[in-house]
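S.K.: Before anything else, here's the structure in question.
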Amino acid sequence: MTLETAVALSIGLAASGEDLWRRNISNSIPAAALLGALVVHTTNNGWQGLLTWFLGAVIGFSAFLVFFLLGGMGGGDIKLMAGFGALLGPSRLLEATILTAGIGGIIALLALCFRYAVRFWRQRNFSTDKQTEASLALASQQVDNYIPYAPAITLGSWLALIPKGV
């Protein structure tokens, strides 16, 4: 396993786990991604790796900035994309961004299906148990208000790391 792969796996698992569990991405995770990417690029390419690292971070941050400004994405997601951008570099970042958007769309579609299934279930009164009804109401409210995007960023970035021709 390469150092780049190890950094990508650890950052992706930490960010996705925290986003799913706490509905938040701590600043320490993107910071660790930026630091890990800096180590990877300077180890592999010396001082020239700094340019790759910097451009990847700036482009990664900018990739979804418009969605953050429109209120459709959280700040942690933007910072995480900057960290993965720094790790991937500009050459693989476009692929990762497209994959991330596609995976995010699939996750959003699944969340919509779940939300409508919960509403259908509640309207038809299939549930008579008060605890089940409360659980469905809470699940529906969480889906309405939040879709975790760190798993999409992670999967898109991991897929961009796969060597071509494999």
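S.K.: Of the residues Gly89, Gly49, Gly17, Gly12, which is on the phi > 0 side of the Ramachandran plot and of a type in the set (Gly, Ala, Ser)?
M.R.: From the options Gly89, Gly49, Gly17, Gly12, the qualifying one is Gly89.
S.K.: If I filter segment 59-76 for residues that are of a type in the set (Val, Ile, Thr), assigned to a helix (DSSP H, G or I) and more than 21 Å from Leu20 (Cβ to Cβ), do I get at least one hit?
M.R.: Yes, segment 59-76 has at least one match.
S.K.: Considering each of Ile59, Ile25, Ile29, Ile11 in turn, give the residue that is crowded, with 22+ Cβ neighbours inside 10 Å, among the aliphatic types (A, V, I, L, M) and under 20 Å from Arg92 (Cα atoms).
M.R.: Criteria check complete, one pass: Ile11.
S.K.: How many of the residues making up segment 22-60 are in contact (Cβ under 8 Å) with a residue 60 or more places away in the chain and β-branched (Val, Ile, Thr)?
M.R.: Within segment 22-60, residues that are in contact (Cβ under 8 Å) with a residue 60 or more places away in the chain and β-branched (Val, Ile, Thr) number 1.
S.K.: Among the numbered criteria (1) modelled with pLDDT of 90 or more; (2) under 15 Å from the mean Cα position of the chain (by Cα); (3) not β-branched (Val, Ile, Thr), which single criterion is violated by Arg23?
M.R.: (1)
S.K.: If you don't mind, another one. Report whether or not Ala111 is under 18 Å from the mean Cα position of the chain (by Cα) and modelled with pLDDT under 90.
M.R.: Against the criterion (under 18 Å from the mean Cα position of the chain (by Cα) and modelled with pLDDT under 90), Ala111 qualifies.
S.K.: Additional query: Between a first residue in segment 61-72 that is free of Cβ contacts under 8 Å to residues at least 12 places away in the same chain and a second residue that is assigned to a helix (DSSP H, G or I), which pairs have beta carbons less than 8 Å apart while being 6 or more apart in sequence or on different chains?
M.R.: Phe68/Gly75; Phe68/Asp77; Phe68/Ile78
S.K.: Which of the residues spanning segment 64-95 are surrounded by 22 or more Cβ atoms within 10 Å (Cβ to Cβ) and β-branched (Val, Ile, Thr)?
M.R.: Within segment 64-95, just Ile78 meets the criteria.
S.K.: Next question. Give the residue that is farthest from Ala15 (Cα to Cα), with candidates limited to residues of segment 37-51 that are surrounded by 15 or more Cβ atoms within 10 Å (Cβ to Cβ) and touching a Ser or Thr at 6+ places or on another chain (Cβ under 8 Å).
M.R.: Among those that are surrounded by 15 or more Cβ atoms within 10 Å (Cβ to Cβ) and touching a Ser or Thr at 6+ places or on another chain (Cβ under 8 Å), it is Gly49.
S.K.: Is it the case that segment 15-36 has a residue that's closer than 14 Å to Tyr149 by Cα and aromatic (Phe, Trp, Tyr)?
M.R.: Scanning segment 15-36, I find at least one residue that is closer than 14 Å to Tyr149 by Cα and aromatic (Phe, Trp, Tyr), so the answer is yes.
S.K.: Of all the residues that make up segment 1-51, how many are outside any helix (DSSP H, G or I), closer than 16 Å to Gly76 by Cα and β-branched (Val, Ile, Thr)?
M.R.: 1
The values are calculated or read from the model by the stated rules, or taken from the named source; none is laboratory data. The model shown is predicted, which means the values in this text are computed figures rather than measured ones. No Cβ is skipped: glycine too gets one built from the backbone with ideal geometry, and neighbour counts run over all protein chains shown.
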